[in-house]
Amino acid sequence: MQIREKVLGEKHRDTATSISNLALLYSQQAKYSDEELLLRRALQIREEALGGEHSETATSIHNLAALYRAQGRYGEAEPLYERALQIREDVLGGQHPETAMSLGNLAALYQAQGRYGEAEPLYERALQIHEAVLGGQHPETATSLGNLAVLYQEQGRLQTALSFCKRALTIWENVLGEQHPDTANSLNNLAMLYVQRDLYSLAMPLFKRSLAICEQVLGAKHPDTQRVRKNYEELRARMRPAQGGRKKKKR
């Protein structure tokens, strides 16, 4: 970053890119105050160098909104997400993957606040863009399907959620393979839906598959592995009384 500032100047678009990359590092280290300062600086540079209607400006706005959402500052995040979406629609078009990204993020913000009626059409539009532009077997399409599945799950629309979750899992398996962490995550999500419907016998083998992938690919101490193991152990505990009862009857 310092090299670009010296060579290109503090107000150059490439300097803004370096600043944004450093902000990402701070985000990973949970240094949110430092991250916010850098994101604001990158946004200011891009607005001055490129204008308020440029796709890179939209990216900076989106990044700042994402930070606010992660901090639960929904009121500050919403107008930024809306502005980033508007820029991307105007500059890139209504069928661009980055427009779909903005739709999905704004939908997630609404979802976090329980505004399901506002979130659903945005998720649906993002899915439509991904299917039309990237195809029905693309990871982004699977992500959109998964987002809708979670939204339906939170509303208790479990049958619809199951359908979307199964479609997402099929894509992950076909595109990334059966031993990929995203496949493991999708298996876990589908298993959780079966648990909600008390279909424990269908959930258990999915948890086992998911856990085996996580342990092999991510390691036993990875947060995702620990999360899946917790779900698996909780289901085992639920099933024990029923299994014990069946054994007693056989005697």
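Find the residue count for segment 100-150, including only residues that are of a type in the set (S, T, N, Q), more than 22 Å from Leu169 (Cβ to Cβ) and surrounded by fewer than 18 Cβ atoms within 10 Å (Cβ to Cβ). Number of matching residues: 1.
Put simply, of Leu190, Leu202, Leu211 the only residue that is closer than 30 Å to Gly135 by Cβ, in contact with a Lys or Arg (Cβ under 7 Å, 6 or more places away or on another chain) and at pLDDT 95 or above is Leu190.
The set of residues in segment 177-199 that are surrounded by 16 or more Cβ atoms within 10 Å (Cβ to Cβ), of a type outside the set (Gly, Ala, Ser) and assigned to a helix (DSSP H, G or I) comprises Pro181, Asp182, Thr183, Asn185, Leu187, Asn188, Asn189, Leu190, Met192, Leu193, Tyr194, Val195. If you check Glu140, Glu154, Glu233 for being touching a Pro at 6+ places or on another chain (Cβ under 9 Å) and at negative phi, only one passes: Glu140.
The criterion of at least 3 residues that are within 30 Å of Gly135 (Cβ to Cβ) is met by the following helices (runs of 4 or more DSSP H) wholly inside segment 1-113: 13-28, 55-70, 74-91, 97-112.
The values are calculated or read from the model by the stated rules, or taken from the named source; none is laboratory data. Everything quoted here is computed from the prediction, not taken from an experiment. Every residue, glycine among them, receives a Cβ derived from its backbone with ideal geometry; neighbour counts consider all protein chains shown.
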